[in-house]
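S.K.: Handing you this structure, nothing more for now.
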Amino acid sequence: LPDTGWDAVRRARAPHRPRAAAYLDAYFTSRVRLSGDRCGGADPDGMLCGFGDHGGRTVAYAAQTGTATRPAGYRTAARLIRLADRLGIPVLTLVDTPGAANDAEAERQGVGAAVADLFAAVAAARTPLTTLVVGEGGSGGALAPAAPGNTWATPDSYFSVIAPELAAAILKRPPTEVEPTADALRIRPQDLVELGVVRGVVGPEGAQPAGSG
């Protein structure tokens, strides 16, 4: 586990850590991709969606890839969750993004409404949802696909309503204060367990539930 908040951020941003495709390949024996948001958009580089086979059972997945997620990615994930809910198929979401895309094109495509719609789809779903934070979990763009009460984290992750750099900027702190700000935000996986934000930390040895260490 990371020693400090900034250590957690650096590990989550490390280029060599496992990404969504690695987790999906390890979990599923086969996968079928679902693409497109039914509004003419797609985000194949930012959100992987589809259905896979795990232990003979079909599981839907929506996995962020570590980039800033585009509006079409959020809409595709919401579409997938609603479809899985109608079919009674459980859903796995992987969180890994510095946040939602915030450029001019993303604003024109309605990024705020797309993030809100995914929040609504997750909240309304009756089928089981499970979330694993596998890397960066920054801002509302990362919170939207997270399952309430059933979110887990890996040792190479952090989860926060705001990135440390942005938090320091809002507080008018100098760049030298970014690392202490990361500690104050309590974004390490073990901090998230203690705060009750995630249920446990999932590592090579398996899951460590809240309150077990």
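S.K.: Mind counting the residues in the range 41-90 that are assigned to a strand (DSSP E or B), open to solvent by 50 Å² or more (accessible area, probe 1.4 Å) and either in contact with a helix residue (DSSP H, G or I) (Cβ under 9 Å, 6 or more places away or on another chain) or closer than 16 Å to ALA22 by Cα (or both)?
M.R.: Summing the residues that are assigned to a strand (DSSP E or B), open to solvent by 50 Å² or more (accessible area, probe 1.4 Å) and either in contact with a helix residue (DSSP H, G or I) (Cβ under 9 Å, 6 or more places away or on another chain) or closer than 16 Å to ALA22 by Cα (or both) in the range 41-90 gives 2.
S.K.: Here is a follow-up. Pairs, please: C-beta under 8 Å, at least 6 apart or cross-chain, first residue of a type in the set (Phe, Trp, Tyr) and in the range 12-32, second open to solvent by 50 Å² or more (accessible area, probe 1.4 Å)?
M.R.: As it stands, the answer is TYR27/HIS54; PHE28/HIS54, since those pairs meet every condition given.
S.K.: Consider only pairs whose beta carbons are under 9 Å apart and that are at least six residues apart or on different chains; among these, list those whose first residue lies in the range 37-51 and is free of Cβ contacts under 8 Å to residues at least 24 places away in the same chain and farther than 8 Å from ARG70 by Cα and whose second residue is open to solvent by 20 Å² or more (accessible area, probe 1.4 Å) and not in a loop (DSSP other than H, G, I, E, B).
M.R.: Cβ pairs passing all conditions: PRO44/ARG33.
S.K.: When the range 118-150 is examined, which residues are found to be in contact with a strand residue (DSSP E or B) (Cβ under 6 Å, 6 or more places away or on another chain) and in a helix (DSSP H, G or I)?
M.R.: Within the range 118-150, GLY141, ALA142 qualify.
S.K.: All but one of (1) surrounded by fewer than 20 Cβ atoms within 10 Å (Cβ to Cβ); (2) under 17 Å from the mean Cα position of the chain (by Cα) hold for ILE170, so report the exception by its number.
M.R.: So ILE170 meets the others, but not (2).
S.K.: In the range 179-193, which residues are crowded, with 19+ Cβ neighbours inside 10 Å, outside any loop (DSSP other than H, G, I, E, B) and of a type in the set (A, V, I, L, M, F, W, C)?
M.R.: Within the range 179-193, ALA182, LEU185, LEU192, VAL193 meet the criteria.
S.K.: Follow-up. Of everything in the range 91-115, what is hydrophobic (A, V, I, L, M, F, W, C) and part of a helix (DSSP H, G or I)? Give them in sequence order.
M.R.: ALA104, ALA106, VAL111, ALA113, ALA114, VAL115
The values are calculated or read from the model by the stated rules, or taken from the named source; none is laboratory data. Given the structure is predicted, the values throughout are model-derived calculations rather than measurements. Here the Cβ is made from the backbone with ideal geometry for all residues, glycine too, and neighbour counts use every protein chain on show. Surface accessibility is based on the protein's heavy atoms, side chains included, excluding ligands, DNA and RNA. Shrake-Rupley method; radii C 1.70, N 1.55, O 1.52, S 1.80 Å.
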